[in-house]
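Presented below is the structure to which this report refers.
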Amino acid sequence: MKIVFTCGGTGGHINPAIAVAKLCQERIPGCEILFIGAEDGMENKLVPREGFPLETLKISNFQRKLTPAGVWHNVTTLFHMAGSMQKAKKILREFSPDVIVGTGGYASYPALKMGAKLKIPTAVHEANAVPGLTTRMVAKDVDRIMVSFEDSKAYYDHPERITVTGMPVRGEFLYTDKKEARKALGLDEKPLVVSAWGSLGAREMNKKIAAFMVREAQEDLFCHVHATGSFGWRWMPDLVKELGLDLSQHPQIDMREYIYNMPQLMAAADLVICRAGAATISEVCASGTPCIMVPSPNVTNDHQEKNARVLERHGAAVVIRESDCDGESLYETVKELLGDREKLRQMGAAAANMAVVDSAEQIYSVIRQLAD
């Protein structure tokens with residue numbers, strides 16, 4: 001069997017495709033896999049590192065601002081798209097795949113659109129609660145749309161094409177034991193709070209976490225691990241010092257650039273404070289960890305808040321808009337939640353109930369059905 005995975009832009013689009021591609025290799029003897037992405041996307045690092053061949057297309061996004069610069073940018077994008085469609089056609093004809101699977105990003109559009117036109121079975125996976133632009137553009141053409149949430153079905157016109165698969169996450173998020181994780185981290189009975197805003201960090205939220213740290217240092221009620229992100233690491237340690245907090249005197253507060261052992265920390269945590277990207281939500285649900293979500297206001301179609309509200313409706317998260325919180329109010333919310341163990345238990349159980357633990361298997365099953 002030959003399978004094309006097409007995706008690009010962020011790890012949230014690429015890593016699920018890699019997880020399923022590995023599963024296909026394990027299950028299908030002689031399976032051939034090709035990735036199609038963008039020339040300048042993160043896929044150029046992630047995909048070859050996993051040993052998969054990658055073909056790239058020249059892709060640029062659309063801008064919503066109708067300024068002269070924005071209009072010219074969109075004209076350029078259409079020009080690139082025309083060339084990418086022709087290159088995708090050439091790649092698909094030469095590789096001759098049995099199935100094409102798109103997992104998001106503008107880079108996935110040409111291969112999915114052209115694949116459907118060439119009568120190759122196609123499927124798209126939408127990680128967010130509401131369909132993104134690429135998914136909306138191909139929804140009428142693809143044979144199957146895979147979604148992460150049961151609630152998402154309402155956003156599509158053809159329910160017979162929809163399959164709820166969840167979003168693949170690393171197995172450690174599903175199976176790391178809380179007691180063993182806490183023991184390995186050397187934690188006592190004091191609660192653990194973990195906070196992070198993504199690999200780059202979010203400037204405004206890092207400022208609020210700095211004020212949060214000043215407040216928590218005064219009472220010493222819980223342990224706290226915070227990842228600043230690569231940009232935040234350049235300035236946040238200095239900001240904390242300017243606010244009068246010497247972290248060397250408060251070992252319960254651990255500020256670092258990045259969290260490399262997130263499955264272990266999330267399993268050990270009593271509460272997570274985070275954004276509401278699709279990958280983060282899947283990890284929270286897989287680990288069954290109560291969370292406070294502060295959706296990014298700087299994303300297309302406000303999809304992070306829509307993601308977070310799905311968890312809120314199921315009782316798995318407390319959602320706070322970035323504009324509605326500061327370090328003090330965020331601290332008081334954390335303090336209140338940590339003081340209500342039953343509520344935390346219910347939130348964790350609700351998150352775990354939303355997890356699709358065999359998501360990669362579900363997507364693999366769709367691939368086999370389409371190929372057959």
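Quick note: the coordinates plus some simple rules give every number you see, no bench work behind them. Because the structure is predicted, anything quoted here is derived from the model rather than measured. Don't worry about glycine lacking a Cβ; one is built from the backbone with ideal geometry, like all the others, and counts go over all protein chains shown.
Structural remarks
- Look at the dipole of the chain built from charges on Cβ: of Trp235, Ser152, Ile281, the Cα furthest out on the positive end belongs to Ser152.
- Candidate lysines for bridging to Lys45, where Cα separation is under 19 Å - those fewer than 8 sequence places away on the same chain excluded: Lys22, Lys58
- Remark on Ile273: its backbone amide H falls under 5 Å from those of Val194, Ser195, Ala196, Ile292, a criterion applied only to residues 5 or more positions apart or on other chains, H modelled at 1.01 Å from N.
- Counting only residues at least eight positions apart within a chain, or on another chain, the lysines with an alpha carbon under 19 Å from that of Lys306 are Lys153.
- Segment 273-342 versus segment 181-214: alpha-carbon centroid distance in Å: 14
- Hits among lysines - C-alpha to C-alpha of Lys241 under 20 Å, sequence gap 8 or more where chains match: Lys207, Lys208
- The chain: relative contact order in percent, alpha carbon pairs under 8 Å with at least 6 residues between: 15
- Euclidean distance between Cα centres, segment 112-139 to segment 224-266, Å: 40
- Gain upon complete extension [Asp340, Lys90; 0.36 nm per residue less C-alpha separation]: 84.1 nm
- Whole-number percent relative contact order across segment 226-372, with pairs defined as alpha carbons under 8 Å at least 6 apart: 21
- Percent of Cα pairs exceeding the 23 Å cut-off, where the set is segment 172-354: 36
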